[in-house]
1. Go through 576-583, 424-431 and give me the packing order, highest mean Cβ count within 10 Å leading.
2. Give a residue-ordered list of calculated ³J(HN,Hα) values for the range 541-547 (Karplus: 6.51 cos²θ - 1.76 cosθ + 1.60, θ = phi - 60°; whole Hz; x for Gly, Pro).
3. Could you go through the range 504-517 in sequence order and give the Karplus-derived ³J(HN,Hα) for each residue, using 6.51 cos²θ - 1.76 cosθ + 1.60 with θ = phi - 60°, rounded to whole Hz, and x for Gly and Pro?
4. If R₀ is 41 angstrom, what is the calculated FRET efficiency for the pair Val457 and Gln329, using the beta carbon separation as r and rounding to 0.05?
5. Mind ranking 359-370, 214-225, 190-201, 395-406 by how tightly packed they are, going by the mean number of other C-beta atoms within 10 angstrom, highest first?
6. Looking at this model, which pairs from Lys224/Lys342; Lys348/Lys589; Lys210/Lys342 are more than 24 angstrom apart at the alpha-carbon?
7. Relative to the present Cα-Cα distance, how much length would full extension add between Gln370 and Glu272 at 0.36 nm per residue of separation?
8. How high is the relative contact order of the range 525-594? Use alpha-carbon pairs under 8 Å, at least six apart in sequence, and give a whole percent.
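Here, each number is a calculation from the coordinates, and none is a lab measurement. This structure is a prediction, so every number in the text was calculated from the model and none was measured. As a convention, Cβ positions derive from the backbone with ideal geometry for all residues, glycine included, and neighbour counts pool all protein chains shown.
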Amino acid sequence: MAPNTNITENEQKSDSSENSNDSVRRDNITAASKPERDAADAAMAAKTTAAPAKAKNFTPWKKSDPAALVPDRLEGEWAGAGFVRDGQPIRVLATFKRNDARSGDIGEVTIASSRLNAVYRLVRDPNGTVRLADKTSDTRGIHPVRQSDSRDSLDRPYVTLGLPGYHTVVIYPPWSPSGGTVTRFNEHCGLIDPWLQARASAWASARELKIRFSDGLQTYDAAKAAAVESFAEPAFSQRFGTSFVAMSDEQRADFLLEVRDCVLTGDALLREELYEGLFQYRYLVRDRILFAGGFFQGSRPPPFDPREASRLSVEASRHSAEAEVRFSQTASAASAAATAAKAEEAIKAFGDDLSLLRPSFLHAALRPAQERIAALRDAEGAQRIAARRDRFRQRMEGTPFPPHAFLPSRVDRVRAVVTGDVQRLEGGDMSFFGGVIAESVEACKLPSSAVERLALVRLLEASFNLALMGDAFSSKNIGEAIGGSAQSQAMFLEGVTAVRTMGCAHPFLSVLLTTLVDISTAPAGNAEGGGPDQFVRTCSLDRSRLQCECIVREGSVLVPNIAQQRFDRSILSNIVSRNPLIGMNLFIKCGVSNY
């Protein structure tokens, strides 16, 4: 970007000889009356009027004569944007009022926005530089009003205002030829902001579909589907007055550039997936950082090829309609499937074309299949639970239960484990059964199978980790931090005592160890009804399924119901803070390095 320069009364230059003549005529009426100045403004506006709009609501920015931006000529309402000190973007409306003074106070400017409202004096010093000064101060002004020598990516001239206490604010010339009474920058962002919000909602909706159909929609690209939804008809035409396909290449390119401007100056969610196919995300983030620092990259080319982006969007829109027709048969097959797994397979078989389906369409098309899959999983889950209980009870048949070996508070829990009523062990279970395993291996040499011993290592390791650091290591209450470790050690010793009381020869010990092997080797992250648990479904949106299953397996030591929870990064940080040893397992075993 070319450096900004102070604009004096005699230094303004135009880009063409014709515009230069107009600038000279404007400078000759500096001290003229307001009607004369208005007539000059009207003449200037007439020369800058562009071709008629090519779409009902969408009109590209018109090229404005830079002579209209001489700081001491500013009058009326101007749209712009900037950043306040906390880094949040603001859109502003700058209203300029001028008087006939040639020096000193030549007028005032009112800055209005949702977060910034102030009135400043416009002061021109003897050198001709226009500056901003506080309304109540006697200072002559230290914040210059500058016009840039360059133009932004849409060939718009602009003026920068260095507001006291704030970063640079950039204002644009008005869109309309009426002298600045209409500010189309804010008007267009008023159309584009809801469009961006709708795109974000479509993306969230696509992700929710992937949670419900975690197997069938594994290849469903939520970002691409949201892009298809955002350009779909008739919603796009209703919002912008024409379809994206019907726009000219120039209009589509201008539209995408304006979307970029609205993203930079608004509060749109900055997430890479939302702008796939529109921008290169790393450049978008860079632009916002630079803009927040007061460096407006006006003359730099846009960070993407808008024509290529528009071509991809047009193709996706056309192919989407064809894909939706074909998917209707797939949805019917899924809703008639004999098992939940076959229903998901029928959906998955649609392949990469799944991402051409709008989330709103897919929600409606898969509603019967969703109901069918839910009913099948309920039935399959009930059968699976019954089968496991039968298997565990057959294993216990003829084996006496030794209640004398356990504390009264532990008897019911142990009985539930060996009869198949417990699918996963909780933190307290880990410590107790860890003691059982440790004593069985050390004193009884059980289980005799090396494979079964390896299967029990995780339970043993979890009990050691709890005994060393408890479940509240980072607590500011030292009693709570130490108490968790002491309690885990006590339960570990309780398990050791139970084996010694029972005796190595008691048949129940072998049955109990075999049951613990079954529980330890059960697939992590699988729900009773088949398919992944809630945590794995939501976690695997952004991580691999294997990693998510590993997190469930390791994290259940501290968070017993982790499988039923929706994934949240705070769960990972909570585990790390409560027990760093278990947190280390998330890094070593599960590969979690960023949470």
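1. Highest-to-lowest ranking by the protection proxy: 424-431, 576-583.
2. 5, 10, 9, 6, 5, 4, 5
3. 3J(HN,Hα) across the range 504-517, in whole Hz: 5, 7, 5, x, 5, 4, 5, 5, 4, 5, 5, 5, 5, 5.
4. Efficiency computed from Cβ-Cβ geometry: 0.25.
5. 214-225, 359-370, 190-201, 395-406
6. Lys224/Lys342; Lys348/Lys589
7. 32.3 nm
8. 31 percent
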